[in-house]
Amino acid sequence: MSALAPILGDYRLSAPAMTPQPVRHVKGVPGPENFEQIVDDYQRRLYGFALRMTGNREDAEEIVQDSFVRAYRALAKMDSQQRAELRLQPWLYTITLNVTRNRLRSKRPTNVALDSLADPDALLNETQEGPDQPEAIVDRAADMVLVEQALLQLPMHLRAAATLRFIEGRSHPEIAEILNQPIGTVKSHVHRAVRILRRILGPQVGRIVAESSTNEEED
Amino acid sequence: MRCCDVERLWDDMRDALQPHREAVIKHLRACPPCQALYEQYEGIAYCLTCLPPPVPPATLVPKIIEHIRSAVKATVPDSVAKVHSPIGLLFVAFRESGITYVALDRGEGDEAAFQRIKVRLGRSVVPSTAPAWVSETIAAFFRNHTSDLERVDISDLTPFEQATLRATAQIPAGEVRSYGWVAAAIGQPNAARAVGGVMARNPVPLLYPCHRVVDCEGRLHNYEYGVEVKARILELEGCSSYKR
């Protein structure tokens, strides 16, 4: 089956891109009182984002810790109206991105792809109930490492745009808010990121897609 | 619509409300190169969405909370109150979490005393009057020679320092123990000298009774408040088994 088939009919997204896991939202106005809840709600998401941005688990952990400390301090200084008007999720992304930038800037040249992020154990667990054969699972994990490494080769601003768009599943206006850029700039960054990824991954893309659609058909 | 326009609109086409949708689809039907390109872009988006979501370590949340706690602590000043005692005027620093520092007046004046405490604590201090629980904790020490350690906050110290001070609290009033005894009590029998170092840095003398620790021959060594005061406290506790 061609991945393009949906385009020629009624165009729709062939990948489950725009269905990020729902975040259980903090009840009430965010503030120091319910900050532990905020940490609990967002740590997973921000850790994932920081890890995709840095490719390094230790960096990601420290980035998330620093980001929450900054967020806490900033919230503590806000008055009640500012807190009520705060759009928590994009704001937390922005802080995490700033901390990431500062950290990577002081750490250049970036150690690209030293860690293999795709955890083969996790993949095994995820697919345990599926019909995958063990060698298919190993291939799959290797493919995911390829994709991760390609992402880490992008310049940081393009990596941020692509990660927010395709992995975090954010809309263009949301990304514009997070990155504090006009929507047109966001779109152009996303586009450039995809063009570069296409150049890096080349024919691998078709193979990965074909293999996953084979697996889906077997389901 | 030209090929370059169609290419640029790819990501927009993922949103249902794209106004050029019809025109783009019409172009794609007639243009195999653009079809191939869309297929590749779509494949890349697909690959990215397939990346397994990273799972943070279970220790991350407690680490974050601890990080925030220490960051907050560094910005909230300790209160310092003057409390009278049988050995003289004490400056007692405290926070909501407990007493953090006990200094004996050296006659240097309030300003200098506050400055000394500020430097020792590594954060700012504000003059205050002693709340009832603070004066009662100090009074209880001189009355019963024991302290409610729930009201003393030594969380700034290293785990070794905390363990050492807790061991001193096991020494009954009226008795003394050696540095070596404390070292053995915390399971590090070779750490007698390190124990001596912790005693010298004890931020809360009296409440954690480092004055009950002497050398292996029973001699008193230095004391934050001076050896004379150390002897005086031991006498108040009814202890005579030490040497000057």
Q) Among the candidates A:LEU114, A:LEU154, A:LEU104, which residue alone is out of contact with any strand residue (DSSP E or B) (no Cβ under 8 Å at 6 or more places or on another chain), in a loop (DSSP other than H, G, I, E, B) and either at pLDDT below 90 or closer than 23 Å to A:VAL39 by Cα (or both)? A) A:LEU114
Q. Exactly one of (1) under 30 Å from A:SER171 (Cα atoms); (2) buried (at least 20 other Cβ atoms within 10 Å of the Cβ) is unmet by B:PHE94. Its number?
A. (1)
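For (1) surrounded by fewer than 14 Cβ atoms within 10 Å (Cβ to Cβ); (2) in contact (Cβ under 8 Å) with a residue 12 or more places away in the chain, each residue gets a yes or a no:
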| position | (1), (2) |
| --- | --- |
| B:ILE117 | no, yes |
| B:LEU121 | no, yes |
| B:ALA130 | no, yes |
| B:ARG143 | yes, no |
| B:LEU149 | no, yes |
| B:GLN162 | no, no |
**Q.** Per-region count, region B:8-24, residues surrounded by fewer than 18 Cβ atoms within 10 Å (Cβ to Cβ) and within 8 Å of chain A (Cβ to nearest Cβ)
**A.** 4
Q. If you scan region B:1-41, which residues turn out to be of a type in the set (D, E, K, R), without any contact (Cβ under 8 Å) to a residue 24 or more places away in the chain and not in a loop (DSSP other than H, G, I, E, B)?
A. B:ASP5, B:ARG8, B:ASP12, B:ARG21, B:GLU22, B:ARG29, B:GLU39
Q. Among the residues of region B:75-96, is there at least one that is within 14 Å of another protein chain (Cβ to nearest Cβ), out of contact with any Gly (no Cβ under 6 Å at 6 or more places or on another chain) and among the hydrophobic types (A, V, I, L, M, F, W, C)?
A. yes
Q. Does at least one position in region A:83-90 carry a residue that is assigned to a helix (DSSP H, G or I), among the hydrophobic types (A, V, I, L, M, F, W, C) and within 14 Å of chain B (Cβ to nearest Cβ)?
A. no
Q) Hey, among the residues in region B:32-65 that are buried (at least 16 other Cβ atoms within 10 Å of the Cβ) and more than 8 Å from every other protein chain (Cβ to nearest Cβ), which one's farthest from the chain's Cα centre (by Cα)? A) B:CYS34
Q.
Tally up the residues in region A:28-48 that are surrounded by fewer than 18 Cβ atoms within 10 Å (Cβ to Cβ) and either touching a helix residue (DSSP H, G or I) at 6+ places or on another chain (Cβ under 6 Å) or not assigned by TED's automatic domain parsing to the domain that holds A:ASP79 (or both), please.
A. 3
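The values are calculated or read from the model by the stated rules, or taken from the named source; none is laboratory data. All of these numbers come straight from a predicted model, not from anything done at the bench. Glycine also receives a Cβ, built like all others from the backbone with ideal geometry; neighbour counts cover every protein chain displayed.
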